[in-house]
Amino acid sequence: MKKFRFLSLFIPVIIISMWACSQSNEVEPVKPANFDSPQFILIDNDDLLNGIEDATLSSEMKFSTTLFNFGILSLTNSLNVNDPIIRGIPWLENFDFTKQLGLIFRRLNLTETQVASIRTLMQAYHESLKPLLKEFQDANKDIVKAANEKRKTILDDLKNGVITRQEANEKMRKLNIETRQKIKDNPDSIRIKDQICKLNKKLMADIKALLTAEQLEKWEQMTKRIQFPC
């Protein structure tokens with residue numbers, strides 16, 4: 001009787017142990033890649049210019065922190081053309097979403113190894129971009145500062161009745177155009193533009209090297225839509 005009672009207590013322990021062992025041997029399902037993530041975006045020189053927000057009657061000309069401080073990587077987990085987060089951020093409103101490379105990666109039927117390699121490439125690419133964006137900002141901060149001083153003069157003239165609101169808006173529009181041209185013509189801007197072009201070309205080549213012949217054919221077709229400014 002005692003022996004039977006002992007077995008009745010021991011059997012559940014065996015069953016639980018076997019279940020736990022089988023659970024530990026199960027392979028967890030692979031989490032699908034979030035190809036809408038901003039970690040897959042390509043940045044070019046059009047974005048740099050769009051990342052300089054125009055001077056208005058209500059705000060100064062400034063460098064967008066979501067671009068130049070790379071705040072975009074923590075702003076959202078799903079960057080696509082329908083993402084409401086882009087509203088009110090000029091460079092994202094003007095962003096060419098053919099440069100959201102995740103939209104292409106999604107269609108290539110990538111292996112886990114390829115996805116991991118591409119993540120590594122994109123991370124290295126963005127890390128290489130960061131100092132160039134900072135350099136671009138530093139190289140043009142005096143131009144932006146001068147524009148904001150002219151903006152203040154326009155506001156003073158409006159406040160003092162020297163010009164109308166319509167005239168002030170027109171002066172502001174011309175100020176923005178002139179300032180952007182100065183930034184474009186800045187030798188440092190041109191040098192940094194060339195460096196970013198080289199980075200982008202290297203990234204595209206490195207990605208192509210990871211693809212199979214079938215994937216490469218799809219990649220070539222889909223990347224034709226990207227309009228590189230260099």
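FYI, it's all coordinate maths here, none of it is from the lab. Given the structure is predicted, the values throughout are model-derived calculations rather than measurements. So basically every Cβ, Gly included, is an ideal-geometry build from the backbone, and we count neighbours across all protein chains shown.
Points to keep in mind about this one:
- Rg ratio (alpha-carbon, reference 2.2 N^0.38 Å) - the chain: 1.56
- Sorted by Cβ neighbour density within 10 Å, fewest at the top, the residues K174, K224, K193: K224, K174, K193
- Value of [θ]222 nm, deg cm²/dmol, for the chain, DSSP H segments ≥ 4, -39500 (n - 2.57) each, nearest 500: -21000 deg cm²/dmol
- Distance between region 117-160 and region 40-109 - C-alpha centres, whole angstrom: 14 Å
- Counted charge near I163, where neighbours are those whose Cβ lies closer than 15 Å (Asp, Glu -1; Lys, Arg +1): +4
- Highest to lowest packing among 47-60, 114-127, 74-87, scored as the average C-beta count within 10 Å: 47-60, 114-127, 74-87
- Shape summary of region 79-204, radius of gyration then Dmax from alpha carbon positions: 20.2, 66 Å.
- Dipole magnitude for region 138-184: computed about the Cα centre from +1 point charges on Lys and Arg Cβ and -1 point charges on Asp and Glu Cβ, it is near 140 debye.
- When the P(r) is computed for region 83-140, the part past 13 Å accounts for 74% of the Cα-Cα pairs.
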